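**Student:** One structure is given below, represented as structure tokens, and several questions about it will come after.
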Amino acid sequence: MELEKKLIYFPQVDIIIVIYNSEQYLKGLLEGLNALSYPNDKYRVIFVDNSSQDASLNIIENFEKRFSYTIIRNNENYGFAKANNIGIKNSNAPFIALLNADTVPYKEWLSVLAIKMLHDEKIGICESKQVPLELDKYYDANTFETSWCSGGGCLIRKSALDGVGLFDENYFMYYEDVDLSWRMWLHGWKCIYVPDSVYTHFGSGREINKENISPLLQFYFTRNSLLITYIYGALFDVILLVITLISNFIYQCAKQKRLQPLYLFVKIWLSFFRLIFPAIKKRSSIKGLPYNQWVDVKKKECGYKKGRYYVGKEAPDYSVPISAIYKAFLALITRKRSIGQIVNYWLYKRSKFDSETVNYKPIRLGIFASFNCNLSCDMCLTHSKKIKNNPYKYQGSKEMDFETFKKIIKKFPHTTLLSFIGNGEPLLCKDLFKMMEYGHRHKMSISLFTNGVLIDKFAEKIVSSPIDEINISVNAHNRKNYSKITGISELTFDKIVNNVESLVKERNIKKLKLTISLSFIITHNNYKEIPEIIQFSENLGVDCISLNNIIPSDVPGLKKEEAALNNRTEIIDYLKNLKVQSGKMRVTLPNLLDGNLNNRLCRDFYTSMSIDGDGNIGGCERIMLNTTNNGKFWDKDVFNNEHFRELRRIFTQNTMSLPDACQYCYNNTTLVGGEL
């Protein structure tokens, strides 16, 4: 059935588009508006021009349009908020659609939004999906409720605006859509994400995250973050933001070796204080219910919280978190990180992860310490005797030695995370603890991934080493399941459990800050045993557990259709409604395969580099393990070599075919688990 036939009737819609020197985008925008499946006589486009100085208006007037339109000419640039309000005031339609000028709507963009709006009278605003880069927000997997809707492409119920009010013109641009959405929430209207309504957005907020952000954009983005945090935030939110902003501008002055950022900082605060009285009035109108309280209530009502099975996520939010600079300065003061590591991490956090190359070095190094392994688990992509046809199988290498490792650290001194990982058992590497100590001296956090069998043999070295976290692959919570999943003897499970108990006891006696984690494999055959797994882990006294979806293979019982957790409603509902109290132990739920074979969500190759004993490098540590011909760690600018650029092209440009392995990887899905 065509989408249009699902509509009871076609309501009149006015599409408001704010124009300001937008000539380079208008041809694609107008073609997209012409191609809309919505009846031409049921929508009108209101172009609100903010005194453009280019050929924008000529392009609009001379383009052959299939729709009716109105042009409103402003005498000056009123900004996004006020210009949209002018358009809304000139509309008599029951529904208002907003589109940015640098967009191209898909054919069904408006029809899908109208369907959603007409089927629920409580929806005040619904937003579309942006491509190629989506905003990272919270979404409920069933109701698609979200905490705020982007004004870049959305549909608004006019009657909702009558009670809520129009955009707050004090924002000028940035955060005005967040503010409107939060007022919608406070007045009882729903904010809904509609992923089937799609538009291409050429901006997608990238300009805010670039290193060369213009002073004008930085001014409005920073000032408005202050404004909205003051209006809706708790006192702690405001204090933390102020500390962060001060630290940020001090950092910018030091980096640029000039006082220009300080002048901008003063200008921002002067502008903020000029708006303080209307902000106070607005804050008081919220009746003392701060954002961080009421949005938490809403999240509980619609069944979602941070990282808990939300959808619509095209790319994670890699903007700098509020406390990032504060933590960086704390790390520098306590000598936990070097200046070079902090700067490198800062550049990483400011990246939007949408280009082939990066201007920082890998944040994390995954060291393939040993190809040898004392086990041969059925589901292991490297050592399984049952997996016969794996084109991505790790080819093996010599054991990592101390001299090679020192060269790696010399090459990447600004790395902050050092993980000694699988494709073999790291504890079999004779130089392992010497390498850990060396990495620790270079202010790197150390983690170790092990199958746990040899812990008793190296217990004294482990508790005496600078390891920050040890992750033990227990895989199951009882002997039967362990043997079923791994194909290894039940006696091995007993040994691993005993080793974990002993390690926890020794850690506690010595009062070490060693984090002990367990990982388990969860399939659609055992996901209802999660409460038992949690109880089992708490009894062992570990700090956190990770419940991982299985990586499918051709082994009977471990195939995708037989074992992998997918988007079945009963699985999602069960995991979302888990009420298990895990005490102080952190529990990370599994990601679910969402059925989309063309997701482009993985960003590991922007963060990590794996290195083996032969110096081979790789950008994937889950499935695509073969590092042959990927390059060597000593190559010039290796983190931007062809291997990494190709991976980034595949996942950001959507023009290259997705590797088969990535189609069924739990790290490439919209259904993200997160902490219980």
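What follows is calculated from the coordinates using simple rules that are stated; it is not laboratory data. If you're wondering where the values come from, they're calculated on a predicted model, not measured in any experiment. Don't worry about glycine lacking a Cβ; one is built from the backbone with ideal geometry, like all the others, and counts go over all protein chains shown.
**Student:** Obtain the nm distance between the two label points defined at residue 597 and residue 169 by a simple spin-label model: each point lies 7 Å from its Cα along the Cα-to-C-beta direction.
**Tutor:** 5.4
**Student:** Still on this structure: Quick one: compute the contact order of segment 551-665, relative version, from alpha carbon pairs under 8 angstrom and 6+ residues apart, as a percent.
**Tutor:** So the answer I get is 24 percent.
**Student:** Count neighbours as other Cβ atoms within 10 Å of each site's Cβ, and list the chymotrypsin sites (Phe, Trp or Tyr not before Pro) in segment 1-104 that are DSSP loop with at most 12 such neighbours.
**Tutor:** Hits after loop and neighbour filter: 9.
**Student:** Calculate the spin-label point distance for residue 430 paired with residue 498, positioning each point 7 Å from the Cα along the beta-carbon direction, and give it in nanometres.
**Tutor:** 2.8
**Student:** Just add up the charged neighbours of residue 370: K/R +1, D/E -1, any other residue whose Cβ is under 11 Å from the Cβ of residue 370.
**Tutor:** Neighbour charge sum, excluding residue 370 itself: -3.
**Student:** Between residue 62 and residue 89, what is the FRET efficiency for a Förster distance of 35 Å, r being their Cβ-Cβ separation, to the nearest 0.05?
**Tutor:** With R0 = 35 Å, the Cβ-Cβ based efficiency is 0.80.
**Student:** Counting other Cβ atoms within 10 Å of each Cβ, which trypsin sites (Lys or Arg not before Pro) in segment 467-539 have at most 13 and sit in a DSSP loop?
**Tutor:** 511, 513
**Student:** Then there's this: Is there a quick way to get the dipole size of segment 361-675? I mean about its Cα centre, with the Cβ of Lys and Arg at +1 and of Asp and Glu at -1; what is the value in debye to the nearest 20?
**Tutor:** It comes to approximately 620 debye.
**Student:** Here's something else I'd like to know. Given contacts defined as C-alpha pairs under 8 Å and at least six residues apart, what's the relative contact order of segment 470-548, whole-number percent?
**Tutor:** 37
**Student:** Counting other Cβ atoms within 10 Å, which chymotrypsin sites (Phe, Trp or Tyr not before Pro) in segment 551-615 have at most 14 and lie in a DSSP loop?
**Tutor:** none
**Student:** How large is the translational diffusion coefficient of segment 3-206 in µm² per second when you combine the Kirkwood radius over alpha carbon pairs with Stokes-Einstein at 20 °C and 1.002 mPa s?
**Tutor:** 128
**Student:** On to the next question. Roughly how many nanometres apart are two label points built 7 Å out from the Cα toward the Cβ at residue 217 and residue 519?
**Tutor:** Once both label points are built, they end up 3.7 nm from each other.
**Student:** Here's another thing I want to ask about it. Along the charge dipole of segment 361-675, Cβ charges K/R +1 and D/E -1, which of 644, 672, 423 sits furthest on the positive end?
**Tutor:** 644
**Student:** Quick one: if the Förster radius is 56 Å, what FRET efficiency do residue 478 and residue 635 give, using the C-beta to C-beta distance and rounding to 0.05?
**Tutor:** Result of the calculation: an efficiency of 0.75.
**Student:** Pop out the ³J(HN,Hα) list for segment 449-459 in order, Karplus 6.51 cos²θ - 1.76 cosθ + 1.60 with θ = phi - 60°, rounded to Hz; leave Gly and Pro as x.
**Tutor:** Coupling constants for segment 449-459: 10, 9, 7, x, 5, 9, 4, 4, 5, 10, 4 Hz.
**Student:** Ok, one more. Treating only the Cβ atoms of Lys and Arg (+1) and Asp and Glu (-1) as charged, compute the dipole magnitude of segment 3-206 about its Cα centre; round to the nearest 20 debye.
**Tutor:** About 480 debye.
**Student:** Right, another one. Kindly state, as a whole number, the per residue volume in cubic angstrom of the convex hull around the alpha carbon atoms of segment 384-542.
**Tutor:** Per-residue hull volume (Cα only) is 141 Å³.
**Student:** Report, in whole Å, the centroid distance computed from the Cα atoms of segment 555-630 and segment 29-55.
**Tutor:** 42
**Student:** Suppose R0 equals 51 Å; then what is the FRET efficiency for residue 107 and residue 577 from their Cβ-Cβ distance, rounded to the nearest 0.05?
**Tutor:** 0.85
**Student:** Then there's this: Which number comes out as Rg/Rh for segment 361-675 once both Rg and the Kirkwood Rh are worked out on C-alpha atoms?
**Tutor:** Answer for segment 361-675: 0.94.
**Student:** OK, next. Around residue 468, under 11 Å between beta carbons, what's the net of Lys plus Arg minus Asp minus Glu among the other residues?
**Tutor:** Local net charge: +1.
**Student:** Past the 24 Å Cα-Cα mark, which pairs from 65/122; 398/430; 361/406?
**Tutor:** 65/122
**Student:** What is the P(r) of segment 581-676, as percent of Cα-Cα pairs per 10 Å bin from 0?
**Tutor:** 15, 40, 28, 14, 3
**Student:** For segment 3-206, with the dipole built from +1 on Lys and Arg beta-carbon atoms and -1 on Asp and Glu ones, taken about the Cα centre, which of 171, 39, 24 lies farthest toward the positive end?
**Tutor:** Sorting the options by dipole projection puts first 39.
**Student:** Would you order 57, 262 from fewest to most other beta-carbon atoms within 10 Å of each residue's own beta-carbon?
**Tutor:** 262, 57
**Student:** Still on this structure, I have one more. So for segment 328-480, averaging the separation of alpha carbon pairs under 8 Å that are six or more residues apart and normalising by length, what relative contact order in percent results?
**Tutor:** 23
**Student:** Something else about it: Among 630-639, 443-452, 274-283, what's the highest-first ranking by average C-beta atoms within 10 angstrom per residue?
**Tutor:** Packing order, densest peptide first, comes out as 443-452, 630-639, 274-283.
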